[in-house]
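Everything below concerns the one structure shown next.
Bear in mind these aren't lab numbers, they're just calculated from the coordinates by the rules spelled out. Bear in mind the structure is a predicted one, so any value in this text is a computation, not a measurement. Quick reminder, even Gly has a Cβ in these numbers, built from the backbone with ideal geometry, and neighbours come from all protein chains shown.
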Amino acid sequence: MSGVVAEAVTQGLAGAFASPGLFVLLFTCLAAGVVRGFAGFGSALIIMPVAGIFLPVPEAIVVVMGMGVLTWPVIVPRAAREADRRQVAVLAGAAILAAPLGLWLLGWLPQAALRWCVSGAAALTLAALISGWRYGGRVRWPGLAGVGAAAGVLGGTTGLTGPPVILFYLAGPSGAAVVRANTILFLALLDIAIIAGLFWQGRVTASALWLALLLAIPYAVGILVGQRLFAPEHERAYRWLAYGVIALAIVSGLPIFHR
C-alpha cells in the first residue's frame, strides 16, 4: 500500500514539475504571497493574469484556490481574530450564494473571452484604486450583500474573488489593519465555495491539485515574509507596493502578448 502511495506522489509531483512556465509561476506565487501577507489582498490579481498564459483559465482557478486553502494556517488565524466577523459573514454569505452563477459563466464563455475578463477586471480594479476614488457614504447590510454577490460572480468566472471587496474597503474610511483582516477572512471563506462548485462541475483535476501543492510552497514563504513586513503605520507604502505588482502582472498577462 505504501508503495502505491509513494508511486502516486512521485507521479503527481513529476507532473507538477513538468507544468509549462513552472519557473515563472513559482516566482509569481512568491511575489503574490509577499503582497498577500503584507496587504491582505492581491494574490489572485497577480497570479491569474500570469497563470492564464500557461494554463486554461478553469485550471488556473483551481490552482489559485487550492493554494489559498493550503496556506490558510499561515494567514487566516490572525485575520480571524482581528476581523469584523459580522461584516465578513454578510459579504461571504452573499458571495457564496452568487458564486454558482459565476461558475456557470466559466463553463459558457470561451477561453479567449475568459482571459480578457481576467485582465479587464484586474485592470479596472487597479485603475479605480490608483485614482484615489473614495465613497464617503455609509454602506448598510443590503449594500454589503451586493458587494459580496458581485465578488462571488466575478470569482466564479475569473478566479478574481477580491476586486469588489477590495474596492469597497479601500474606497472607504477603514484603516489598513481592518481592510487586511476582513479581506483575508472573506477570501478564505469564498475559496471554499468556489472549490466546492468546481468539484461539482468536475473541473478539479489531480494535476491541478498537485501543481497547487507545489506552488503553495513559495506562496506560503511569501506570505510569511509579507506578514513580517506589515505595519499599519506604513499604509501608503502597502497600497502602492500592491498596485505596482498588480500592474506588472496585468501587463505581462495580456492576451495580445500570448496568442
Inset, instruction - Starting from the Cα of Ala177, step 7 Å along the direction of its Cβ; do the same at Phe17; then give the gap between the two resulting points in nm. - result: 4.5
Inset, instruction - Just subtract the alpha-carbon distance of Ala196 and Leu101 from 0.36 nm times their residue separation and send over the number in nm, one decimal. - result: 32.8 nm
Inset, instruction - Taking 7 Å along the Cα-to-C-beta vector as the label spot, tell me the Glu7-Arg85 distance in nanometres, rounded to one decimal. - result: 4.7
Legend entry - Nitroxide proxy distance, nm - points 7 Å out along Cα→Cβ at Leu209 and Leu229: 3.3
Legend entry - Theoretical FRET efficiency, 1/(1+(r/R0)^6), r = Cβ-Cβ of Val24 and Ile217, R0 25 Å, to 0.05: 0.95
Inset, instruction - Report the FRET efficiency, 1/(1 + (r/R0)^6), for Ala127 and Arg236, where r is their Cβ-Cβ distance and R0 is 25 Å, rounded to 0.05. - result: 0.85
